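The values are calculated or read from the model by the stated rules, or taken from the named source; none is laboratory data. The shown structure was predicted, so the numbers you read here are calculated from the model rather than taken from an experiment. Note: ideal-geometry Cβ built from the backbone for every residue, glycine included; neighbour counts use all protein chains shown. Keep in mind that these areas ignore ligands, DNA and RNA; they rest on the heavy atoms of the full protein, side chains included. Shrake-Rupley method; radii C 1.70, N 1.55, O 1.52, S 1.80 Å.
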Amino acid sequence: MVVGATGQLSREIVNPDGTKTLTYIADNVHDFAWVADARYQTETVQWEDVTIVSLYFPEDAAAGKRAAHYAKDALEYFSKRFGRYPYPNFTVAEIRGLGFAMEYPQLIQQSYMLYRIPEFFTILDSVTAHETAHQWFYGLFMNNQLEETWLDEGFATFAEISYIEHKYGKAANSFNTLWLKAQGLEFLVEMLKESNARAGMLAYYTRIAREGREAPLATPLHKVPRGKTVLPYQKGALLLFALENLLGRETFDRVMQEYYRRYRYRQVTAEDFIKTAEDVSGRDLREFFEQWLTTTKQLDAVLEGMSTQKIEDRYVTRVMVRQRGELRIPVDLEATLTDGTKVRQRWEMLDDQGTITFITDKPVRSVTLDPERTLPDLDRSDNVLPKGLDLGPWLDHGILHGRPDDGLILGLRVMHAYVGWAFGLQKVVFKQEMQRNFCFADRCTSQWSFTQKDDGHIFATDGAIHFRWYRAKTNVQLSLSVLYHNRYDVASDPGRVFAVSASYKRSSQITKLTVSYKVGLRAWGGEYAFQKFSWSQEIQSRLWWQTLWVQRTVWGWREGREPEERDFTLRDFAGFRTFDVQSDWVFAQSNELRLPIPALNKIDVGPIPISVGAMVFANMAILQMESYAVRAEVGLGVTIGLYGSPILLIEYPLWVSTEEGARRGWSVRVEREFRIGF
């Protein structure tokens, strides 16, 4: 048995029953962990006087050996920036966990799934760095992880991204740029530049912030309001990047090293770090930290315009800048001159708007706000001047829309409008699409949309508004929409359609309810009168380990018919496997019992753990045909998915209530909604 643990092995005793008792001793630690596996192989590397051991499974030998060197690189980088790693040993252990990693003093554990991702990606290096950073932020500096989560997770995320950018560069560092450059593939680095650790972090934060779901960073985890979320990883790291930008790299590193000198092996609070930063920098940072920790103020800086005039032999360029948000932090502006020279100035943001002046020997070609993308600006579309025309090609084909005879469509996109030539139709086609989010109730995810298009067959105008909010652990959406379609060149159901509709949706982890109503009116030129109503409710209940009962009840009816509409079908609307009967009135219920097969619960396919399970289904429906009729079926099936969460279902009916309209045989379907771990 190969063992890895916090501390150093001091004694080993062989017991009479054949077992061993191992004694480990560690100084200045507040936690202890160990791993053991008979299959473990080891890779040992040395960094100065620190012994680094990677424990890995034989099938993952290449990645296991790399993990040792990743840990060495991270220990060296963090020691230089944050204070030296003080322990004599460090262990990286591969474990049979589902995609996660965990930190302990002198020991980190990482899922085998990470080891099976190709070396071309940097995720194993990135996760190793994050967990290694916890040797400082959690290990050496012990904080209350429930009350001030950002003090360990935010710092570790900042350290991880800083390390990855140092090693692989800021662009495309989700990929192994060192290998790409060695292969002469530098152009791929430019193509993939937006795929990097910082961009991913910023995208996640700005999405939550724009949606109004963010809680202040200092909010204890057990006090987060319902429907809100704290972002200790993302916003904690962004705070530190903003502080580094404010103080400069040299001063920031001195802050970190003084923090290390004062507080290693001690309990720490946010106040300890703030006091250290103020002492080292000689600046009053209270307002800075108060904004970041106790508010959800946002940054949305805008370049509003610029003007240039030549005075004697120099160029004076004035740039007008404005902050539409409330977060007040200094922002850098970078001017690129016509000869390629770059000049920077800082806007201190003492007011909501200001003017930055560049005096240069050459004319200014462009100006960029926050050129390093350090700060969490909610909208970067207005961060560059002069603004380029949002223009691009439009390439489409009728086959993608069920009309292959329309042929190739070539055209131009200008902002949200598309204009092109359909070669099969020999006519101009166009479409324009607009949508905007707005705030309603507790969040800013509500949305309105407007679309107008002419595809050569139908002139369509559609508008919709969706109100979204959160209540009692449930996401709620109310939608209203209106449409006008002139079907002037179609093979069936020509004419004009005017319709309005409404729908209501509620969804939680267990239940999902959807109600919709649509009506076609003979008004404003409408030629089709119809009504259509549908109601569905789905309940998913976990009975015991990976055993799930799913019940879905539906009811639908319609009067009249809108163009190209089918009746409700038992297969599509009610989830039947055998019957595909159509009716304009259906009430149905389907039930599934999904069971794990322990022997097949986890079959590794590369980094993906595949689970195979069994299921039983029973469905019954009442539908209106010439008279009311009943259809029912019972069957068995096999489920295939990720670690107990079915994705693919292969089913066979054992019994049907009638052979009329029944199609027996195996059927394959895909789960409507994938829920991992449920």
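So the values come out like this:
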read-out	value
Ellipsoid equivalent to segment 429-563 - semi-axes via the Cα gyration tensor, in Å	34, 20, 13
Under 16 Å from the GLU527 label point (7 Å along Cα→beta-carbon), backbone N, segment 480-511	484-499
Under 12 Å, Cβ to Cβ, from PHE450 - net charge with Lys/Arg +1 and Asp/Glu -1	+1
Rounded to whole Å, sorted largest first: equivalent-ellipsoid semi-axes of segment 401-486, Cα gyration tensor	35, 13, 11
Enclosed volume per residue, in Å³, of the convex hull spanned by Cα atoms of segment 239-296	77 Å³
Of all accessible heavy-atom area on the chain, the percent that carbon and sulfur account for (1.4 Å)	55 percent
LYS427/GLU326 FRET efficiency (R0 51 Å; Cβ-Cβ; nearest 0.05)	0.50
Ordering of 156-163, 87-94 by burial proxy (mean other Cβ atoms within 10 Å per residue, highest first)	156-163, 87-94
Distant-in-sequence amide H partners of THR122 (H built 1.01 Å from N, under 5 Å)	PHE175, ASN176
Around MET415: net Lys/Arg minus Asp/Glu count, Cβ-Cβ under 11 Å	-1
Rounded to the nearest 20 debye, dipole of the chain from Cβ charges on Lys, Arg, Asp, Glu	920 debye
Segment 526-678: relative contact order as a whole-number percent, Cα under 8 Å and 6+ apart	18 percent
Additional length obtainable on full extension of the chain from GLN452 to VAL515, 0.36 nm per residue less Cα span	20.0 nm
Per-residue ³J(HN,Hα) for segment 44-56, Karplus 6.51 cos²θ - 1.76 cosθ + 1.60, θ = phi - 60°, Hz, x for Gly and Pro	10, 10, 10, 10, 6, 9, 9, 9, 10, 10, 9, 9, 8
Using θ = phi - 60° and Karplus 6.51 cos²θ - 1.76 cosθ + 1.60, couplings along segment 14-23 (whole Hz; Gly, Pro as x)	8, 8, x, 7, x, 7, 10, 10, 10, 10
Viscosity 0.692 mPa s, 37 °C: Kirkwood-radius Stokes-Einstein D of segment 142-275 over Cα pairs, µm²/s	199 µm²/s
Label-to-label distance, nm, for residues given as ARG261 and LEU654 (7 Å Cα→Cβ offset)	7.6 nm
CD proxy at 222 nm, helix term only [per DSSP H run n ≥ 4: -39500 (n - 2.57); per residue of the chain; nearest 500]	-6000 deg cm²/dmol
Surface accessible to a 1.4 Å probe, per residue, for the residues of segment 535-678, Å²	50 Å²
Calculated FRET value between GLU147 and GLU348, using beta carbons and R₀ = 35 Å, to 0.05	0.60
Kirkwood Rh in Å, taken over segment 2-66 so that all alpha-carbon pairs contribute	13.6 Å
Over segment 5-84, relative contact order from alpha-carbon pairs under 8 Å, at least 6 apart, %	19 percent
For TYR40, distant residues with modelled amide H under 5 Å away	VAL2
Table column - 3J(HN,Hα) (Hz), segment 404-414, Karplus curve with 6.51, -1.76, 1.60, x for Gly and Pro	x, 5, 5, x, 6, 10, 10, x, 10, 10, 10
Value of relative contact order over the chain, rounded to a whole percent, pairs C-alpha under 8 Å and six or more apart	6 percent
Environment charge of TYR138, counting only residues whose C-beta is closer than 9 Å and scoring Lys/Arg +1, Asp/Glu -1	-4
For Kirkwood radius over Cα pairs in Å, calculated from these coordinates, the label among (1) 33.0; (2) 38.7; (3) 30.3	(3)
FRET efficiency, SER307 to VAL668 (Cβ-Cβ, R0 41 Å, nearest 0.05)	0.05
For segment 60-187, accessible area per residue (1.4 Å probe, heavy atoms of protein chains only), Å²	31 Å²
Mean Kyte hydropathy of 1.0 or more with a Cα span along the axis of at least 18 Å, helices from DSSP in the chain	234-247
THR658 long-range amide H proximity, modeled H, under 5 Å	ALA632
